[in-house]
Amino acid sequence: EGEDAGKLRELLKGTRIKEQKLIETAMYAPQWLDIIEEYLGWPGLKSGCYYFMAHMNERFDDRKKAMIARFTPLTPEELNNGAFDVNWFEEAYALLGEERFGRLYDAAKYISDGSKHARARKYADAALHRVTAEKLEAEIKAKRNKDLLMSLGLLPLPQDRAEKDKVLFERYRFIQEFKKESRRFGAQRRASEGRAAELALRNLSANAGFSDVTRLVLRMEAHLA
């Protein structure tokens with residue numbers, strides 16, 4: 001009680017504690033988030049921190065679950081499986097800007113194991129269009145990389161309706177082909193790649209603005225027919 005940004009500012013006087021260390025503290029120990037957000041004066045710090053926690057961390061206590069539920073309808077299980085909230089990403093990125101978002105990303109290594117850290121990077125690279133569909137598809141084919149497959153649907157889509165439908169169909173067909181090819185592997189790998197394909201379609205449908213993946217599938221199957 002009584003501890004706020006003013007108290008933190010008072011205690012930091014004369015220390016060598018840098019701003020980035022406070023950001024890392026907020027990420028690692030979110031009970032400090034409110035005070036640090038107020039001290040730094042960063043709009044969107046809380047949203048950004050919980051965005052990274054949701055998409056990069058496997059451990060959700062009740063407090064984290066309650067906070068994450070304020071920002072996304074996705075469940076912890078869905079997030080752990082690889083579902084991605086495009087709207088939350090765009091909102092957090094818009095509030096923070098490129099430089100601050102990057103600093104949060106650097107601090108996120110304190111809450112994640114290696115694979116989740118790599119997945120979040122791939123998702124962000126796709127959503128920010130730092131990679132092309134051609135490059136992603138080539139690497140997915142060569143390495144059967146499930147995280148890259150799930151990120152494929154996050155690439156920005158054309159604004160033109162006809163061009164958007166064409167790109168959607170191409171990505172849908174690629175994901176379905178990946179799932180079809182998994183039949184040549186054993187049961188465990190087949191199941192794993194099948195789940196990745198389902199999440200890839202879900203991410204693609206959300207990015208395209210469909211209310212659920214079934215609507216995307218029906219529309220794409222109509223194109224196939």
For Lys13, give me every one of the aspartates and glutamates with a C-alpha distance below 16 angstrom, ignoring sequence neighbours fewer than eight places off in its own chain. Glu3, Asp4
Square roots of five times the Cα gyration tensor eigenvalues for segment 70-180, Å: 24, 18, 14
Given the Cα-Cα distance of Asp125 and Glu98 and 0.36 nm per residue of separation, how much length would full extension add, in nm? 8.5 nm
How much of the pair distance distribution for the chain lies past 23 Å, counting alpha-carbon pairs only, in percent? 52 percent
Just to be sure I understand the model, the point goes 7 Å from the Cα along the line to the Cβ. What's the resulting Ala133 to Lys166 distance in nm? 1.0 nm
Label points 7 Å out from Cα along the Cβ direction at Trp32 and Lys180: separation in nm? 5.3 nm
With a 1.4 Å probe and all protein chains left in place, how much of the accessible area of the chain comes from carbon and sulfur atoms, in whole percent? 48 percent
Taking the Cα centre of each part, how many Å lie between segment 163-181 and segment 33-107? 29 Å
Mind jotting down the three principal axis lengths of segment 116-175 based on Cα atoms? Whole angstrom, largest first. 35, 22, 14
Provide the three semi-axes, in whole Å and in decreasing order, of the ellipsoid equivalent to segment 14-61 as defined by the square roots of 5 times the Cα gyration tensor eigenvalues. 20, 12, 9
Here the equivalent ellipsoid of segment 84-145, derived from its Cα gyration tensor, has semi-axes (largest first, whole Å) of 22, 15, 9
Could you give the nm distance between label points at Leu8 and Asp106, where each point is 7 Å from its Cα heading toward the beta carbon? 1.8 nm
Mean-square fluctuation check for the chain, GNM, Cα pairs under 10 Å: which of Ala126, Ala92, Ala142 is largest? Ala142
Cα to Cα, under 15 Å, and not fewer than 8 places away if on the same chain: which aspartates and glutamates meet these conditions relative to Lys135? Asp125, Asp147, Glu170
I want to verify a result. In a Gaussian network model of the chain, Cα cutoff 10 Å, which of these has the top mean-square fluctuation: Lys141, Lys109, Lys179? Lys141
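The values are calculated or read from the model by the stated rules, or taken from the named source; none is laboratory data. All values reported here derive from a predicted model rather than from experimental measurement. Note: ideal-geometry Cβ built from the backbone for every residue, glycine included; neighbour counts use all protein chains shown. Just the protein is used for accessible areas: all its heavy atoms, side chains included, with ligands, DNA and RNA removed. Shrake-Rupley method; radii C 1.70, N 1.55, O 1.52, S 1.80 Å.
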